[in-house]
Amino acid sequence: MNYRHAFHAGNFADVFKHAILLALLDALTAKDKPLCHFDTHAGRGLYELCGDEAQKTGEWREGIGRIFSDPDAPAPLRRYVEAIRAFNPRGALRVYPGSPLLAAQALRADDRLVLCETQDEEAAALREVFRGDSRVHIHARDGYAALNALLPPKERRGLVLIDPPFEAQDGEFAAIEAALAKAHIRWPNGVYAVWYPIKSHRAITPFHRHLAAGPFDHVVVAELLVQPDDSPLRLNGCGMLIANPPWRIDATLSALLPVLRVVLAQSSAASARVRWLRGE
Ligand SMILES: C[S@@+](CC[C@H](N)C(=O)[O-])C[C@H]1O[C@@H](n2cnc3c(N)ncnc32)[C@H](O)[C@@H]1O
C-alpha cells in the first residue's frame, strides 16, 4: 500500500473527477438543508505541483495544465477552473487542491465533511490542512469500514465519494460492490459516486452489470477515454458511477463530458459518454 496521489495530482483523471464532484455538490447544496459529504479515500488534501513527485511524472501538464490559464475556458468547465484558481491567487499554477479541499470550498457552514485516509503521513497532512475547520472530521482508517460504521449521517442527505487507488486492480471492484451493498442497507437514499480507472473496458463490464442489477434504482455513469482502450498497460480513461444521482445531473454531465473530451484528449480516438445503467 504505497500509492501516493502526489504523483498524479491534477492529471486528466483528477480534472474529470473533480469537475464532476463539484457538479454533484452544487446540485446538492442548491437545496437549503444541511448535508454530509464522505470522502472514503481522501489523500493529503493539497499537492505542490513543483514538488518532486508531480515534476517526476508531469501528469498535471496533460490535465489542469491544459486549462488553468485559458481566459476562455468553456462554460461547463468554468466552475471547476475557478475553484482551482482560488487556491492559486497569485495567478500562476503552483498547487492543486484534492477532493477534500474542493469539497470544503463548495460546502456551506452547516454542512459536514468526513474524510478517511489510511496512510498516516497523508492523514497527518489532512489534519494540518483542515486545522480549525470544525465542519471537517478526519478518520485515519479504512474508508469502507468507516462507511459501514458511520452511515447514515444525522443530516440524512449527502454524498459519498469513493476514490480508491485501485492497487488491487480488479479486486477493488469487489470491495466497492460489497461496500455499496452494505451502504444501501444503512442509507438507501445517499448519493454515491465511485471513480474508476479504465485501462481496458472489458474489466469494467462486470462492475457495470453488477450495479445495473441493483440495489440502487437509479445509476448513471460518465466515462472519458483520452486514448483508445486498446492497451491494458496504461490509463486510457476513467469513469464515475453515480448511484441515486441528483435530479438533472445527467443533463449537467452531458454538457460537461464533450468539453472534457476536447480539452483532455491525448489522441484523435478520445471519446466521452454519459449513460444510465439503471432507471432514469
Ligand atoms: C486516489 S487517492 C485519493 C485522491 C483524492 N480522493 C482526491 O481526489 O484528491 C487514494 C487515497 O486512498 C488512500 N487509501 C488507500 N486505501 C485506503 C482505504 N482502504 N481507506 C482509506 N484510504 C485509503 C491512499 O493512501 C490514497 O491517499
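So K182 ticks every box in (1) within 15 Å of the ligand (Cβ to nearest atom); (2) over 25 Å from G239 (Cα atoms); (3) of a type in the set (K, R) but one. Which box is left unticked?
The single condition K182 does not satisfy is (2).
Pairs needed: first member in the range 37-55, polar (S, T, N, Q) and more than 8 Å from the ligand (Cβ to nearest atom); second member anywhere, at pLDDT 95 or above and not in a strand (DSSP E or B); C-beta distance under 8 Å; at least 6 residues apart or different chains.
From residues that are polar (S, T, N, Q) and more than 8 Å from the ligand (Cβ to nearest atom), the pairs are Q55/L49.
Go through the range 23-67 and give me each residue that's closer than 17 Å to L107 by Cα, surrounded by fewer than 17 Cβ atoms within 10 Å (Cβ to Cβ) and more than 18 Å from the chain's Cα centre (by Cα).
A30, K31, D32, K33, listed by residue number.
Residues in the range 44-54: is at least one farther than 24 Å from V221 by Cα, in contact with a strand residue (DSSP E or B) (Cβ under 7 Å, 6 or more places away or on another chain) and among the aromatic types (F, W, Y)?
Yes - at least one qualifying residue is present in the range 44-54.
Limited to the range 152-175, what total is found for residues that are away from the ligand (no atom under 11 Å from the Cβ) and either among the small types (G, A, S) or without any contact (Cβ under 8 Å) to a residue 60 or more places away in the chain (or both)? I'd like the intermediate steps shown before the answer.
Here is the first cut: in the range 152-175, the residues away from the ligand (no atom under 11 Å from the Cβ) are 152-160, 169-171, 173-174.
From what is left, the residues that are either among the small types (G, A, S) or without any contact (Cβ under 8 Å) to a residue 60 or more places away in the chain (or both) are 152, 156, 158, 169-171, 173-174.
Of the residues in the range 152-175, 8 are away from the ligand (no atom under 11 Å from the Cβ) and either among the small types (G, A, S) or without any contact (Cβ under 8 Å) to a residue 60 or more places away in the chain (or both).
Kindly indicate whether A13 is buried (at least 22 other Cβ atoms within 10 Å of the Cβ) and of a type outside the set (D, E).
On the way: buried (at least 22 other Cβ atoms within 10 Å of the Cβ): yes; of a type outside the set (D, E): yes.
Against the criterion (buried (at least 22 other Cβ atoms within 10 Å of the Cβ) and of a type outside the set (D, E)), A13 qualifies.
Just the residues that are part of a loop (DSSP other than H, G, I, E, B) and among the β-branched types (V, I, T), please, taken from the range 43-68.
From the range 43-68, those part of a loop (DSSP other than H, G, I, E, B) are 43-45, 49-51, 58, 63, 67-68; that's our starting set.
Answer for the range 43-68, where residues must be part of a loop (DSSP other than H, G, I, E, B) and among the β-branched types (V, I, T): just I67.
Of all residues in the range 181-200, count the ones that are within 19 Å of P164 (Cβ to Cβ) and either buried (at least 22 other Cβ atoms within 10 Å of the Cβ) or not charged (D, E, K, R) (or both).
Of the residues in that region, 13 qualify.
Condition test on A13, is it in a helix (DSSP H, G or I), within 9 Å of the ligand (Cβ to nearest atom) and of a type in the set (G, A, S)? Give the steps one after another, and end with the answer.
Working: in a helix (DSSP H, G or I): yes; within 9 Å of the ligand (Cβ to nearest atom): yes; of a type in the set (G, A, S): yes.
It is true that A13 is in a helix (DSSP H, G or I), within 9 Å of the ligand (Cβ to nearest atom) and of a type in the set (G, A, S).
Restricted to the range 79-103, and to residues that are surrounded by 21 or more Cβ atoms within 10 Å (Cβ to Cβ) and among the small types (G, A, S), which residue is farthest from the ligand (Cβ to nearest atom)?
So, considering only residues that are surrounded by 21 or more Cβ atoms within 10 Å (Cβ to Cβ) and among the small types (G, A, S), the one farthest from the ligand (Cβ to nearest atom) is A103.
Of all residues in the range 16-36, count the ones that are of a type in the set (A, V, I, L, M), outside any loop (DSSP other than H, G, I, E, B) and away from the ligand (no atom under 12 Å from the Cβ).
Kept after step one, since they are of a type in the set (A, V, I, L, M), are these residues of the range 16-36: 19-25, 27-28, 30, 35.
Add one more test, that the residue is outside any loop (DSSP other than H, G, I, E, B), and what stays is 19-25, 27-28.
Next cut, away from the ligand (no atom under 12 Å from the Cβ) only: 23-25, 27-28.
Of the residues in that region, 5 qualify.
Just need a number here: residues in the range 227-259 that are at pLDDT 95 or above, touching a strand residue (DSSP E or B) at 6+ places or on another chain (Cβ under 6 Å) and either hydrophobic (A, V, I, L, M, F, W, C) or not in a helix (DSSP H, G or I) (or both).
12
Output the qualifying pairs, or none if there are none: Cβ atoms under 7 angstrom, residues six or more apart or on different chains, first residue in the range 92-104 and assigned to a loop (DSSP other than H, G, I, E, B), second residue hydroxyl-bearing (S, T, Y) and buried (at least 24 other Cβ atoms within 10 Å of the Cβ).
G98/Y47
Right, A73: over 19 Å from L260 (Cβ atoms) and free of Cβ contacts under 8 Å to residues at least 60 places away in the same chain or not? Give the steps one after another, and end with the answer.
On the way: over 19 Å from L260 (Cβ atoms): no; free of Cβ contacts under 8 Å to residues at least 60 places away in the same chain: yes.
No, not satisfied.
The values are calculated or read from the model by the stated rules, or taken from the named source; none is laboratory data. Computed from a predicted model, the values in this text were never measured in an experiment. Cβ atoms come from the backbone with ideal geometry, glycine included; neighbour counts cover every protein chain shown.
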